[in-house]
Amino acid sequence: MSTRPRIAIVSPAAASDNNGNWQTASRWARFLDKRFRVQVMGAWPGADQPEPDLLIALHARRSAAALAAFCEHYPDRPRILVLTGTDLYRDIDTAPEARTSLESATALVVLQEAGPERLPPRLRARTHVIYQSAPALLPVPDKNRRRLDICMIGHLRLEKDPQTFMRAAGLVHDPRLRLLHIGGALDPALAEAARSTEQASPRYRWLGPMTHAATRQRLKRCAAMVIASHMEGGANVIIEAVTSGVPVLASHIDGNRGMLGNGYAGYFPPGDADSLARLLDRLACDPDFDALLRRQCAARAPLFAPGAEQAALCDLVDNLLRASAT
(Lines give C-alpha, C1' and ligand atoms only; values in the text may rest on other atoms or scores of the structure.)
Protein backbone atom coordinates (compact mmCIF):
# COMPACT_ATOMS: atom_id res chain seq x y z
CA MET A 1 0.00 0.00 0.00
CA SER A 2 1.24 3.48 -0.89
CA THR A 3 2.54 5.59 1.99
CA ARG A 4 2.39 8.83 0.05
CA PRO A 5 0.61 11.60 1.98
CA ARG A 6 -2.95 12.29 0.90
CA ILE A 7 -3.95 15.80 -0.22
CA ALA A 8 -7.48 17.10 -0.78
CA ILE A 9 -8.02 20.10 -3.06
CA VAL A 10 -11.40 21.78 -2.62
CA SER A 11 -12.41 23.90 -5.60
CA PRO A 12 -15.67 25.85 -5.91
CA ALA A 13 -15.47 25.34 -9.68
CA ALA A 14 -15.77 22.14 -11.71
CA ALA A 15 -14.29 21.21 -15.06
CA SER A 16 -17.52 22.25 -16.78
CA ASP A 17 -17.09 25.81 -15.48
CA ASN A 18 -13.78 26.16 -17.37
CA ASN A 19 -12.70 29.13 -15.25
CA GLY A 20 -9.61 30.21 -13.36
CA ASN A 21 -10.40 28.33 -10.14
CA TRP A 22 -10.82 25.07 -12.02
CA GLN A 23 -7.63 25.61 -14.01
CA THR A 24 -5.72 26.18 -10.78
CA ALA A 25 -7.17 23.10 -9.06
CA SER A 26 -6.53 20.88 -12.07
CA ARG A 27 -2.99 22.12 -12.63
CA TRP A 28 -2.02 21.82 -8.94
CA ALA A 29 -3.40 18.28 -8.84
CA ARG A 30 -1.12 17.39 -11.76
CA PHE A 31 1.86 19.05 -10.11
CA LEU A 32 1.35 17.15 -6.85
CA ASP A 33 0.22 13.80 -8.21
CA LYS A 34 3.65 12.20 -8.60
CA ARG A 35 4.52 12.69 -4.94
CA PHE A 36 1.15 12.64 -3.21
CA ARG A 37 -2.26 11.01 -3.45
CA VAL A 38 -4.43 13.89 -4.65
CA GLN A 39 -8.21 14.23 -4.80
CA VAL A 40 -10.01 17.27 -6.23
CA MET A 41 -13.52 17.82 -4.87
CA GLY A 42 -16.20 20.47 -4.94
CA ALA A 43 -17.01 20.35 -1.24
CA TRP A 44 -15.81 18.62 1.91
CA PRO A 45 -17.23 15.07 1.65
CA GLY A 46 -17.19 14.25 5.34
CA ALA A 47 -15.15 12.18 7.75
CA ASP A 48 -16.19 8.87 6.15
CA GLN A 49 -13.87 9.58 3.18
CA PRO A 50 -10.12 8.76 3.17
CA GLU A 51 -8.39 11.05 5.63
CA PRO A 52 -6.33 13.82 3.97
CA ASP A 53 -3.03 14.76 5.51
CA LEU A 54 -3.35 18.30 4.11
CA LEU A 55 -6.14 20.41 2.67
CA ILE A 56 -5.85 23.01 -0.11
CA ALA A 57 -8.97 25.19 -0.26
CA LEU A 58 -9.53 27.62 -3.14
CA HIS A 59 -11.48 30.83 -2.37
CA ALA A 60 -11.97 32.11 1.18
CA ARG A 61 -15.76 32.48 1.02
CA ARG A 62 -16.85 29.74 -1.36
CA SER A 63 -14.70 27.06 0.31
CA ALA A 64 -15.29 28.33 3.86
CA ALA A 65 -17.55 25.42 4.86
CA ALA A 66 -15.02 22.85 3.67
CA LEU A 67 -12.18 24.58 5.49
CA ALA A 68 -14.22 24.81 8.70
CA ALA A 69 -15.18 21.11 8.52
CA PHE A 70 -11.58 20.06 7.98
CA CYS A 71 -10.50 22.16 10.97
CA GLU A 72 -13.14 20.50 13.11
CA HIS A 73 -12.20 16.94 12.11
CA TYR A 74 -8.42 17.38 11.86
CA PRO A 75 -7.41 20.43 13.93
CA ASP A 76 -3.72 19.52 13.90
CA ARG A 77 -3.38 18.96 10.13
CA PRO A 78 -2.15 21.72 7.81
CA ARG A 79 -4.56 23.81 5.76
CA ILE A 80 -3.68 26.01 2.78
CA LEU A 81 -6.13 28.71 1.73
CA VAL A 82 -5.64 30.07 -1.80
CA LEU A 83 -7.06 33.57 -2.27
CA THR A 84 -8.06 33.54 -5.92
CA GLY A 85 -9.74 36.86 -6.71
CA THR A 86 -13.09 38.13 -5.52
CA ASP A 87 -12.40 36.75 -2.05
CA LEU A 88 -9.16 38.76 -1.72
CA TYR A 89 -10.51 41.98 -3.21
CA ARG A 90 -14.09 41.90 -1.87
CA ASP A 91 -15.20 39.05 0.38
CA ILE A 92 -12.66 39.43 3.18
CA ASP A 93 -14.14 42.92 3.69
CA THR A 94 -17.81 41.90 3.53
CA ALA A 95 -18.22 38.20 4.40
CA PRO A 96 -17.59 36.97 7.97
CA GLU A 97 -17.00 33.41 6.75
CA ALA A 98 -14.21 34.64 4.46
CA ARG A 99 -12.49 36.36 7.39
CA THR A 100 -12.86 33.19 9.45
CA SER A 101 -11.15 31.26 6.66
CA LEU A 102 -8.16 33.61 6.87
CA GLU A 103 -7.78 32.92 10.56
CA SER A 104 -8.18 29.14 10.35
CA ALA A 105 -5.68 28.52 7.53
CA THR A 106 -2.19 27.33 8.40
CA ALA A 107 -0.83 29.07 5.33
CA LEU A 108 -2.27 31.61 2.90
CA VAL A 109 -1.43 31.76 -0.81
CA VAL A 110 -1.90 34.75 -3.08
CA LEU A 111 -1.29 34.59 -6.81
CA GLN A 112 0.65 37.80 -7.45
CA GLU A 113 3.01 40.14 -5.67
CA ALA A 114 0.47 42.83 -4.76
CA GLY A 115 -1.76 40.32 -2.97
CA PRO A 116 -0.18 40.52 0.51
CA GLU A 117 -0.95 44.26 0.62
CA ARG A 118 -4.66 43.38 0.99
CA LEU A 119 -4.12 41.31 4.13
CA PRO A 120 -3.67 42.46 7.72
CA PRO A 121 0.03 42.77 8.59
CA ARG A 122 -0.23 40.02 11.22
CA LEU A 123 -1.23 37.51 8.50
CA ARG A 124 1.53 38.34 6.03
CA ALA A 125 4.13 36.18 7.77
CA ARG A 126 2.18 33.06 6.75
CA THR A 127 1.32 34.36 3.29
CA HIS A 128 3.12 32.99 0.23
CA VAL A 129 3.12 34.33 -3.33
CA ILE A 130 2.83 31.54 -5.89
CA TYR A 131 2.50 32.71 -9.47
CA GLN A 132 0.40 30.49 -11.67
CA SER A 133 1.86 29.17 -14.90
CA ALA A 134 1.22 28.04 -18.44
CA PRO A 135 3.35 26.17 -20.98
CA ALA A 136 4.94 28.48 -23.52
CA LEU A 137 3.45 28.57 -27.01
CA LEU A 138 5.14 30.05 -30.05
CA PRO A 139 3.31 33.16 -31.28
CA VAL A 140 2.14 33.43 -34.86
CA PRO A 141 4.11 36.10 -36.79
CA ASP A 142 1.94 39.14 -37.46
CA LYS A 143 4.16 41.41 -39.56
CA ASN A 144 1.97 41.49 -42.66
CA ARG A 145 -1.48 41.03 -41.23
CA ARG A 146 -4.34 42.81 -42.90
CA ARG A 147 -6.38 42.28 -39.75
CA LEU A 148 -5.32 42.74 -36.12
CA ASP A 149 -7.37 40.57 -33.77
CA ILE A 150 -7.58 41.67 -30.15
CA CYS A 151 -9.12 39.19 -27.74
CA MET A 152 -10.72 39.39 -24.34
CA ILE A 153 -11.06 36.06 -22.53
CA GLY A 154 -13.47 35.49 -19.67
CA HIS A 155 -17.09 34.68 -19.01
CA LEU A 156 -19.51 37.58 -19.27
CA ARG A 157 -19.92 38.78 -15.69
CA LEU A 158 -19.70 42.17 -14.02
CA GLU A 159 -16.31 41.66 -12.36
CA LYS A 160 -14.70 41.16 -15.78
CA ASP A 161 -16.27 44.38 -17.15
CA PRO A 162 -16.87 43.15 -20.70
CA GLN A 163 -18.82 46.31 -21.55
CA THR A 164 -15.66 48.44 -21.52
CA PHE A 165 -14.30 46.13 -24.22
CA MET A 166 -17.58 46.39 -26.13
CA ARG A 167 -17.60 50.19 -25.97
CA ALA A 168 -13.99 50.34 -27.14
CA ALA A 169 -15.01 48.52 -30.33
CA GLY A 170 -16.98 51.60 -31.38
CA LEU A 171 -14.16 54.01 -30.53
CA VAL A 172 -11.07 52.58 -32.23
CA HIS A 173 -10.00 54.05 -35.58
CA ASP A 174 -7.50 51.66 -37.16
CA PRO A 175 -9.47 49.70 -39.79
CA ARG A 176 -7.47 46.52 -39.16
CA LEU A 177 -8.62 46.13 -35.56
CA ARG A 178 -11.17 43.44 -34.68
CA LEU A 179 -12.24 42.84 -31.06
CA LEU A 180 -13.09 39.24 -30.15
CA HIS A 181 -14.61 38.13 -26.85
CA ILE A 182 -14.29 34.49 -25.78
CA GLY A 183 -16.46 33.36 -22.88
CA GLY A 184 -19.85 32.09 -21.82
CA ALA A 185 -22.81 34.20 -20.74
CA LEU A 186 -23.09 34.11 -16.95
CA ASP A 187 -25.14 37.33 -16.96
CA PRO A 188 -28.13 37.49 -19.37
CA ALA A 189 -27.98 41.29 -19.51
CA LEU A 190 -24.33 41.19 -20.58
CA ALA A 191 -25.13 38.54 -23.18
CA GLU A 192 -27.77 40.86 -24.64
CA ALA A 193 -25.25 43.72 -24.58
CA ALA A 194 -22.78 41.56 -26.50
CA ARG A 195 -25.38 40.67 -29.14
CA SER A 196 -26.36 44.33 -29.48
CA THR A 197 -22.73 45.37 -29.84
CA GLU A 198 -22.23 42.80 -32.61
CA GLN A 199 -25.15 44.34 -34.49
CA ALA A 200 -23.94 47.90 -33.96
CA SER A 201 -20.22 47.41 -34.57
CA PRO A 202 -18.70 45.21 -37.28
CA ARG A 203 -15.42 45.31 -35.33
CA TYR A 204 -16.82 43.30 -32.39
CA ARG A 205 -17.55 39.58 -32.27
CA TRP A 206 -18.67 37.50 -29.31
CA LEU A 207 -17.36 33.99 -29.93
CA GLY A 208 -19.02 32.40 -26.89
CA PRO A 209 -17.40 29.69 -24.75
CA MET A 210 -14.49 27.68 -26.14
CA THR A 211 -12.40 24.86 -24.73
CA HIS A 212 -9.23 25.80 -22.93
CA ALA A 213 -7.06 24.37 -25.70
CA ALA A 214 -8.99 26.14 -28.45
CA THR A 215 -8.83 29.41 -26.52
CA ARG A 216 -5.05 29.24 -26.25
CA GLN A 217 -4.73 28.54 -29.96
CA ARG A 218 -6.92 31.56 -30.76
CA LEU A 219 -5.02 33.71 -28.25
CA LYS A 220 -1.58 33.04 -29.73
CA ARG A 221 -2.82 34.34 -33.10
CA CYS A 222 -3.95 37.68 -31.65
CA ALA A 223 -2.10 40.97 -31.76
CA ALA A 224 -2.94 41.62 -28.10
CA MET A 225 -5.11 40.47 -25.21
CA VAL A 226 -7.30 42.81 -23.13
CA ILE A 227 -8.20 42.23 -19.49
CA ALA A 228 -10.65 44.91 -18.35
CA SER A 229 -11.59 43.48 -14.94
CA HIS A 230 -12.58 45.51 -11.89
CA MET A 231 -11.01 42.85 -9.64
CA GLU A 232 -8.63 39.96 -10.19
CA GLY A 233 -6.61 37.74 -7.89
CA GLY A 234 -4.00 36.78 -10.49
CA ALA A 235 -5.53 36.11 -13.86
CA ASN A 236 -4.62 32.95 -15.78
CA VAL A 237 -5.33 34.76 -19.04
CA ILE A 238 -2.47 37.20 -18.41
CA ILE A 239 -0.12 34.28 -17.93
CA GLU A 240 -1.35 32.53 -21.05
CA ALA A 241 -0.91 35.71 -23.11
CA VAL A 242 2.57 36.42 -21.78
CA THR A 243 3.74 32.84 -22.30
CA SER A 244 2.40 32.98 -25.87
CA GLY A 245 4.30 36.16 -26.71
CA VAL A 246 1.07 38.19 -26.88
CA PRO A 247 1.13 41.68 -25.29
CA VAL A 248 -1.49 42.59 -22.70
CA LEU A 249 -3.60 45.72 -22.25
CA ALA A 250 -4.86 45.66 -18.67
CA SER A 251 -7.05 47.66 -16.33
CA HIS A 252 -4.88 49.33 -13.72
CA ILE A 253 -6.00 47.34 -10.67
CA ASP A 254 -3.93 45.71 -7.95
CA GLY A 255 -4.41 42.17 -9.25
CA ASN A 256 -3.13 43.09 -12.71
CA ARG A 257 -0.35 45.31 -11.37
CA GLY A 258 0.90 42.40 -9.29
CA MET A 259 1.14 40.28 -12.43
CA LEU A 260 2.63 42.75 -14.91
CA GLY A 261 4.64 45.06 -12.63
CA ASN A 262 4.35 48.67 -11.51
CA GLY A 263 6.06 50.15 -14.56
CA TYR A 264 4.10 48.30 -17.23
CA ALA A 265 3.12 50.55 -20.16
CA GLY A 266 -0.13 48.84 -21.14
CA TYR A 267 -2.47 49.91 -18.34
CA PHE A 268 -5.73 51.86 -18.70
CA PRO A 269 -8.07 53.14 -15.96
CA PRO A 270 -10.79 50.60 -15.08
CA GLY A 271 -13.98 51.21 -17.03
CA ASP A 272 -12.36 53.77 -19.35
CA ALA A 273 -13.23 52.63 -22.89
CA ASP A 274 -11.74 55.79 -24.44
CA SER A 275 -8.33 55.08 -22.91
CA LEU A 276 -8.51 51.45 -23.98
CA ALA A 277 -9.40 52.46 -27.54
CA ARG A 278 -6.45 54.87 -27.66
CA LEU A 279 -4.11 52.12 -26.49
CA LEU A 280 -5.47 49.77 -29.14
CA ASP A 281 -4.95 52.35 -31.90
CA ARG A 282 -1.46 53.09 -30.60
CA LEU A 283 -0.63 49.40 -30.54
CA ALA A 284 -1.81 49.04 -34.13
CA CYS A 285 0.05 52.10 -35.45
CA ASP A 286 3.18 52.40 -33.29
CA PRO A 287 5.68 49.53 -33.72
CA ASP A 288 7.85 50.91 -30.92
CA PHE A 289 4.94 50.74 -28.45
CA ASP A 290 4.12 47.20 -29.53
CA ALA A 291 7.78 46.21 -29.10
CA LEU A 292 7.91 47.83 -25.64
CA LEU A 293 4.90 45.85 -24.42
CA ARG A 294 6.36 42.64 -25.82
CA ARG A 295 9.69 43.27 -24.05
CA GLN A 296 7.98 44.03 -20.77
CA CYS A 297 5.82 40.91 -21.02
CA ALA A 298 8.84 38.78 -21.94
CA ALA A 299 10.63 40.05 -18.83
CA ARG A 300 7.77 38.74 -16.66
CA ALA A 301 7.50 35.38 -18.42
CA PRO A 302 9.98 33.51 -16.17
CA LEU A 303 7.65 34.15 -13.22
CA PHE A 304 4.98 32.11 -15.00
CA ALA A 305 7.04 29.02 -15.89
CA PRO A 306 5.40 25.71 -14.86
CA GLY A 307 8.59 24.55 -13.16
CA ALA A 308 8.65 27.62 -10.94
CA GLU A 309 5.01 27.20 -9.89
CA GLN A 310 5.43 23.48 -9.22
CA ALA A 311 8.57 24.01 -7.14
CA ALA A 312 6.95 26.72 -5.03
CA LEU A 313 3.83 24.63 -4.43
CA CYS A 314 5.72 21.44 -3.56
CA ASP A 315 8.07 23.32 -1.22
CA LEU A 316 5.11 24.79 0.66
CA VAL A 317 3.33 21.44 0.95
CA ASP A 318 6.52 19.64 2.02
CA ASN A 319 7.30 22.24 4.68
CA LEU A 320 3.79 22.16 6.13
CA LEU A 321 3.68 18.36 6.25
CA ARG A 322 7.13 18.24 7.84
CA ALA A 323 6.12 20.79 10.47
CA SER A 324 2.90 18.94 11.31
CA ALA A 325 4.82 15.69 11.82
CA THR A 326 7.09 17.13 14.49
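The values are calculated or read from the model by the stated rules, or taken from the named source; none is laboratory data. Source: prediction; values computed, not measured. Quick reminder, even Gly has a Cβ in these numbers, built from the backbone with ideal geometry, and neighbours come from all protein chains shown.
A few notes on this one:
- Look at segment 138-165: where a residue is within 19 Å of Tyr204 (Cβ to Cβ) and a partner is acidic (Asp, Glu) and modelled with pLDDT under 95, sitting 6+ places away or on another chain with Cβ atoms under 7 Å, you get Leu156/Asp187; Arg157/Asp187; Leu158/Asp187.
- Being more than 22 Å from Ala169 (Cα to Cα), surrounded by fewer than 17 Cβ atoms within 10 Å (Cβ to Cβ), of a type in the set (A, V, I, L, M, F, W, C) and touching a residue at least 40 places away in the same chain (Cβ under 8 Å) is a property that holds for Cys314.
- Residue satisfying all of: in segment 108-122; outside any loop (DSSP other than H, G, I, E, B) and in contact with a Lys or Arg (Cβ under 7 Å, 6 or more places away or on another chain); surrounded by the most Cβ atoms within 10 Å (Cβ to Cβ) among these: Leu108
- Counted residues, segment 27-55 - those being at pLDDT below 85, touching a helix residue (DSSP H, G or I) at 6+ places or on another chain (Cβ under 6 Å) and surrounded by 13 or more Cβ atoms within 10 Å (Cβ to Cβ): 2
- Verdict on Ala305 being in contact with a helix residue (DSSP H, G or I) (Cβ under 6 Å, 6 or more places away or on another chain), aliphatic (A, V, I, L, M) and buried (at least 16 other Cβ atoms within 10 Å of the Cβ): no
- Residue within segment 79-91 that is in a loop (DSSP other than H, G, I, E, B), crowded, with 21+ Cβ neighbours inside 10 Å, in contact with a strand residue (DSSP E or B) (Cβ under 7 Å, 6 or more places away or on another chain) and β-branched (Val, Ile, Thr) present: yes
- Residue match in segment 186-202 (condition: in contact (Cβ under 8 Å) with a residue 40 or more places away in the chain and in contact with a helix residue (DSSP H, G or I) (Cβ under 8 Å, 6 or more places away or on another chain)): no
- If you go through segment 151-186 and keep only what is buried (at least 18 other Cβ atoms within 10 Å of the Cβ), charged (D, E, K, R) and over 23 Å from the mean Cα position of the chain (by Cα), you end up with Arg167, Arg178.
- The C-beta contact set for segment 87-106 (first residue on the phi > 0 side of the Ramachandran plot, second residue in a helix (DSSP H, G or I) and modelled with pLDDT under 95, distance under 8 angstrom, 6+ apart or interchain) is empty.
- Selected residue (only one of Ala60, Ala95, Ala64 is surrounded by fewer than 22 Cβ atoms within 10 Å (Cβ to Cβ) and hydrophobic (A, V, I, L, M, F, W, C)): Ala95
- Check on Asp290, touching an Asp or Glu at 6+ places or on another chain (Cβ under 8 Å), part of a helix (DSSP H, G or I), surrounded by fewer than 22 Cβ atoms within 10 Å (Cβ to Cβ) and not assigned by TED's automatic domain parsing to the domain that holds Leu54: no
- So Ala60, is it assigned to a loop (DSSP other than H, G, I, E, B) and within 22 Å of the chain's Cα centre (by Cα): yes
- The residue pairs whose first member lies in segment 1-26 and is modelled with pLDDT under 85, whose second member is hydroxyl-bearing (Ser, Thr, Tyr), and whose beta carbons are closer than 7 Å, counting only pairs six or more residues apart or on different chains, are Pro12/Ser63; Gly20/Thr84; Asn21/Ser11; Asn21/Thr84; Trp22/Ser11.
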